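The values are calculated or read from the model by the stated rules, or taken from the named source; none is laboratory data. Computed from a prediction, not measured in an experiment: that's the story for all the values here. Virtual Cβ from ideal backbone geometry, glycine too; neighbours counted across all protein chains shown. What goes into the accessible areas is simple: the full protein's heavy atoms, side chains included, and nothing from ligands, DNA or RNA. Shrake-Rupley method; radii C 1.70, N 1.55, O 1.52, S 1.80 Å.
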Amino acid sequence: GGGGGGDGGSDAEYIAINNCDPDTAEDLTDQGLARIEFGYNGAFYYDPACIRVDPNTTVLFTSADNSNFSIHPLQAGEKGKMDPDSPIKFTNSIDESSVTFDMIVPGTYPYYCVAHQATMMGVVYVVE
């Protein structure tokens, strides 16, 4: 017995980021535009929070209740740790209830709400 050496990155060793796992993330591949909503009746979560998309997909973050990004400031990164290299950019405008980001390069792109980090978080997995 003894098992093989592995390839350095199997899903079995995967650690959840922002309560997301690529195997259970909502499959929005082949969409072109993926929609993530927030603010249902004042609720503090994203729906769907964890998604899988193809490279070159546009991801739309949009308010379900006409709230805005000053109430729910969007930040890229693991909860509490900003990722300046993410295609998801910090958004805190009182004038915007929707924003889009072009997800070009395959990778794992977590995001969270700065004001409601306990429950408002997710990940965009760009997969080939």
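Side notes on the structure shown:
- For the stretch 26-59, filtered to residues that are of a type in the set (Phe, Trp, Tyr) and buried (at least 20 other Cβ atoms within 10 Å of the Cβ), the residue that is farthest from residue 127 (Cα to Cα) is 38.
- Filtered residues of the stretch 103-122 (kept if among the hydroxyl-bearing types (Ser, Thr, Tyr) and within 11 Å of the chain's Cα centre (by Cα)): 108, 109, 111, 112
- Residue 91 closer than 22 Å to residue 126 by Cβ, in contact with a strand residue (DSSP E or B) (Cβ under 7 Å, 6 or more places away or on another chain) and in contact (Cβ under 8 Å) with a residue 40 or more places away in the chain: no
- Looking only at the stretch 1-20, residues that are open to solvent by 50 Å² or more (accessible area, probe 1.4 Å) and at pLDDT 60 or above come to 4 in all.
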